[in-house]
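Okay, so here's the structure we're looking at.
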Amino acid sequence: MKNLLIALLLVLPTFASAGEARDLADDPVMERRMINLAEKVRCLVCQSEAVASSHSDWSNDVRQIMRDKMKAGASDQEIMDMLVERFGKSVLFDPPVDKETMPLWAAPFVMLLLGVVALFFQLRKRRESALKESALTPEAQARAANLLKEENK
Amino acid sequence: MMRRLIPLVVFLVLAGFLYVGLSLDPREVPSPLINKSAPTFNLPLLHDTKKQFSPQDMKGQVWLLNVWASWCGACKDEHPVLMELASKNIVPVLGLNYKDKREDGMAVLRKSGDPYAITLFDADGKVGFDYGVYGVPETYVIDKEGIIRYKLIGAVTPQNLRDRILPLVTELSKK
């Protein structure tokens, strides 16, 4: 009996399913267009989640507004512009490169450049010190020359 | 000696970044509406749906627009703060009852007091959406020209009222 219960419990999770947020509209083509667009929009009340996959109230609203706008004939760009106008560029997962977002986009490259420059100087210094260590003093050089001369005799 | 300090300095800079990062709330998104005209709308009043309100009615006055709902927990926290503000008669506070049931909204005001000069009823949240509302409560400071000067996301507290909102209201009222 106990084993049967455990087996049943183990089977239970297979009935659970996550999937995209609900509300399938009457128009599947438009719904797909809406979801594609909603993938690019950040859910502001969640952490790192797209409006397309979020079950939050706010995301539901945004999806409904997207549908309404699409029904009214708005282009994808117009819908995105409308969202940015209200919630700022941070609502986009892929914010445009412009004056305001430039530091964000440039930062990784600046850091890479700094790293390369630091590496360059470090390597140069290391080579110099290595050369210095191996360099012979004039006396040692004279001794080496003498030794070589003797050997060649 | 200097060379030894470099790792320490790097560590302190990183620690500084982390510290600032921890104190930032990723939910707080700077509003693009700051210093822009408050979006216009026409909404019925919560207490009398036959009457309509539009932000133009407040031209020439500095006012606060407080977005709230009966289902919102933090709104209960800020309610006494708003009640006290209202009793001082410094600045009119208008309420925007957001995505609420009319009876529920009215019940809250009946039970805990009504700090609002006027309460607007935004049943489907369309006006809230135009104002970029995504978390309730939110409070906007709107100047005499109808321009949004500040947006507070989250509850009004005695601290942010004293340090941020009221000084701004005083400054804007002088203009």
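None of the figures in this text is laboratory data; all of them are computed from the coordinates on show. Quick caveat, the model's predicted, so the values are computed rather than measured. Using ideal geometry, Cβ is built from the backbone for each residue, glycine included, and neighbour counts are taken over all protein chains shown.
Using only Cα atoms, what Kirkwood radius does segment A:102-152 have, in angstroms? Don't skip to the end; give the middle numbers.
Numbers: mean 1/r = 0.0687 Å⁻¹.
Averaging 1/r across every pair of different Cα atoms and inverting gives 14.6 Å.
Roughly what % antiparallel, to the nearest 5, for the DSSP beta bridges in the protein assembly as shown? That works out to approximately 60 percent antiparallel.
Within a 10 angstrom radius of the beta carbon, how do B:D77, A:D61 rank from fewest other beta carbons to most? Don't jump to the answer; show the numbers that get you there.
Working: B:D77 14, A:D61 19.
Least to most surrounded, the residues fall as B:D77, A:D61.
With the Kirkwood sum run over all distinct C-alpha pairs, the protein assembly as shown has a hydrodynamic radius of 25.1 Å. Among A:S90, B:S70, a tally of other beta-carbon atoms within 10 Å of each Cβ gives an order, fewest to most, of A:S90, B:S70.
Once you sort the root eigenvalues of the Cα gyration tensor of segment A:20-91 as a ≥ b ≥ c, which label holds: rounded (a/c under 1.5), prolate (a/b larger than b/c) or oblate (the other case)? Judged from the Cα gyration tensor, segment A:20-91 comes out oblate (a/c at least 1.5, b/c at or above a/b).
So, in nm, how far is label A:R32 from label B:I6 when the simple model puts each one 7 Å beyond its Cα toward the Cβ? It is 5.7 nm. Of the DSSP H helices in chain B, those that are both long (alpha-carbon extent of 18 Å or more along the helix axis) and hydrophobic (Kyte-Doolittle mean at least 1.0) are B:2-23. The simple Förster model, with R0 at 35 Å and r as the Cβ-Cβ distance, assigns A:F93 and B:Q52 a FRET efficiency of 0.35. Building the convex hull from the alpha-carbon atoms of chain B and averaging its projection over directions returns 12.7 nm².
Near A:L92, the amide H atoms lying under 5 Å from its own belong to A:R42; only residues 5 or more places off or on other chains count, and H is placed 1.01 Å from N. In plain terms, the residue of A:T137, B:T170 with the fewest other Cβ atoms within 10 Å comes first and the most crowded comes last, giving A:T137, B:T170.
Put a plus charge on the Cβ of each Lys and Arg, a minus charge on the Cβ of each Asp and Glu, and nothing anywhere else: the dipole of chain A about its Cα centre is then about 940 debye.
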